[in-house]
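Asker: Please see the structure below; I have some questions.
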Amino acid sequence: MAIRKVCGIETEYGIVLRGAAESNPIAASSLLINAYVSRLARKVDWDFEDESPGRDARGFAREGSMAPEVETHLVNAVLTNGARYYVDHAHPEYSTPECSDALEIVTWDKAGERILARSIEAASDFLPAGQEVVVYKNNSDRKGNSYGCHENYLMDRAVPFTRIAQQVTAHFVTRQVFAGAGKVGSEAPGSGAADIRFQISQRAEFFEEEVGLETTLKRPLVNTRDEPHADSQQYRRLHVIVGDANMSEVSTYLKVGTTAIVLAMIEDDDLGGEDLVLAHPVPTHRQVSYDLSLARPLEMADGRRMTAVEVQWELLDRARKWAESRGLDAVGEEVGRDVLRRWEDVLAALESDPMTLAGQLDWVAKYQLVDAYRQRHDLGWGDARLAALDLQYHDVRPGRSLFARLNVERLVDEADVVAAMTEPPRTTRAWFRGKCLQRWAPSISAANWDSLVFDLGSDPLRRVPMMEPLKGTAAHVDTLLAACDTPAQLLEALGS
């Protein structure tokens, strides 16, 4: 049976320092995050002990490929909600804590937006008059540079990686019909507003390979990074780099919820054979993004032709049968049922009239917003004001974000989002990490996904391993934590 799809999202935010003679994104990101963590009781740094981004799931790396550099010299903090908040490749990045289903992901992903907004307020205390840091949850700078929104899913190590790569690609290429964030124009070399007025995805133009290790150059549809951040004998972590950063909660929910189900089907070997394999995945990925009609057929490896929506209908049909025969424990019973229902509703609407989804999906909401402004002011699609509207849609400040002004459906309560800025999910090991940080931060020298390092002063540093993502939950450790008044008592009880 498929294992529980513990999941997370890592978002690199766009950043600019306004009012300064020069905007240095690394300096601005460092200022932003340091300003936020300086307000915490004590900053706990990230532990790089287990970082190995160059490890390839295929057991080899293609000649010339380069793993991302581990930037240990920049600010890198662990928050009491179990998340990681740091500077990565000249961007502020927020990685959610481990979550056990798609609805939890929505809550802690949205909490990340609120943390970035709060960071902007904190940074203003350190800036001279006339300067401000502005942050966008988007994926490109409109100068041909893209930054990522990556997903992570816990997988059974026993599942061959070749099966995962072969069977998941069609889903990655076509899920953008409901998970795309939308973009005015194109950044592909040689294209322009006359060719591509508006497209579904922010990121589709930046992928060049089907399978590979890299994340910033020659980006692959299926990334082979093999860093489980858990017991490597039992688990792998599928590192998904092909998604957009979403403002819409429904888009995030369906992106993660459907992908978790597809991966569980692959794990159970229930997705099927080669009939859902695309003939040319990389150009097809871009083709789907450019096709607002959703009617253009895609060439399959077996010679058939299917639209992106038809591929998604086929995946949904197989998901329903899998759910009936296997159950939905791998993705959470209640959330899994709701994802299947919403998946069907959205596909039906995409087939009949995509514009009816403006209150749910990012790319439709943005398209209607931009197109209405364009028509109202009689503008061409290449007008710079439309690109500015696109950017403003992603502003994380609720008072400045165009997305926040739209009537887009919410799936989680704002009070829960605010609580998630400081509280960890109860259902994963993030609970133990977050609660220890809340109570004993001065005695924790560093932390990462799978361990906490305690410094009690007189003894050698004491590492507490957390190799099981579903241990350390509230149900597992609350009684233990309640019985301990000091970190020394906790370590003694754990035998560490």
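The values are calculated or read from the model by the stated rules, or taken from the named source; none is laboratory data. As the structure is a prediction and not an experimental result, all values here were calculated from the model. Here the Cβ positions follow ideal geometry from the backbone for every residue, glycine too, while neighbour counts run over all protein chains shown. Surface accessibility is based on the protein's heavy atoms, side chains included, excluding ligands, DNA and RNA. Shrake-Rupley method; radii C 1.70, N 1.55, O 1.52, S 1.80 Å.
Asker: Label Phe126 and Val16 with points 7 Å out from Cα along Cα→Cβ: what is the distance between them in nm?
Answerer: Between Phe126 and Val16, the label points sit 2.2 nm apart.
Asker: Which loop-located GluC sites (Glu not before Pro) does region 109-174 contain, where loop means any DSSP state but H, G, I, E or B and the Cβ has at most 10 other Cβ atoms within 10 Å?
Answerer: none
Asker: Report the local net charge at Ala57: Lys and Arg +1, Asp and Glu -1, summed over other residues whose C-beta lies under 9 Å from its C-beta.
Answerer: After counting each charged neighbour, the total is +2.
Asker: Lys and Arg at +1, Asp and Glu at -1: add these up for the other residues within a Cβ distance under 11 Å of Arg305 and post the number.
Answerer: Net charge in that neighbourhood comes out at -1.
Asker: Using 7 Å Cα-to-Cβ label points, what is the Asp141/Leu456 separation (nm, one decimal)?
Answerer: Between Asp141 and Leu456, the simple spin-label model gives 4.8 nm.
Asker: R0 = 25 Å: FRET efficiency of Ser23 with Val418, Cβ-based, nearest 0.05?
Answerer: 0.25
Asker: Additional query: Report, to the nearest whole %, how much of the accessible area of the chain belongs to carbon and sulfur atoms, 1.4 Å probe, protein only.
Answerer: Taking all protein chains in place, the chain shows 49 percent carbon and sulfur surface.
Asker: May I have the extent of the alpha carbons of region 203-362 along their three principal axes, as whole Å values ordered from largest to smallest?
Answerer: 47, 39, 36
Asker: Follow-up. Can you give the longest run of the chain that contains no chymotrypsin sites (Phe, Trp or Tyr not before Pro) sitting in a DSSP loop with at most 13 other Cβ atoms inside 10 Å?
Answerer: In short, 127-496.
Asker: Which order do Val335, Val177 take by accessible area at a 1.4 Å probe, largest first?
Answerer: Val335, Val177
Asker: Might you tell me the accessible area per residue for region 71-138, computed with a 1.4 Å probe and given in Å²?
Answerer: 27
Asker: Hey, another quick one. Report the FRET efficiency, 1/(1 + (r/R0)^6), for Ser352 and Ala384, where r is their Cβ-Cβ distance and R0 is 25 Å, rounded to 0.05.
Answerer: 0.15
Asker: Please work out the C-alpha center-to-center distance from region 331-396 to region 426-481 and express it in whole Å.
Answerer: Comparing the Cα centres of region 331-396 and region 426-481, I get a distance of 40 Å.
Asker: Per-residue HN-Hα couplings for region 118-132, Karplus 6.51 cos²θ - 1.76 cosθ + 1.60 at θ = phi - 60°, whole Hz, x for Gly and Pro?
Answerer: Whole-Hz 3J(HN,Hα) from phi for region 118-132: 5, 5, 4, 4, 5, 5, 4, 5, 9, 9, x, 4, x, 10, 8.
Asker: With a cut-off of at most 15 other beta carbons within 10 Å, and DSSP calling the residue loop, which trypsin sites (Lys or Arg not before Pro) in region 236-310 qualify? Please list them.
Answerer: Filter output for region 236-310: Arg304.
Asker: Here's a follow-up. Taking K and R as +1 and D and E as -1, what net charge do the other residues with C-beta under 13 Å from the C-beta of Ser124 add up to?
Answerer: After counting each charged neighbour, the total is +1.
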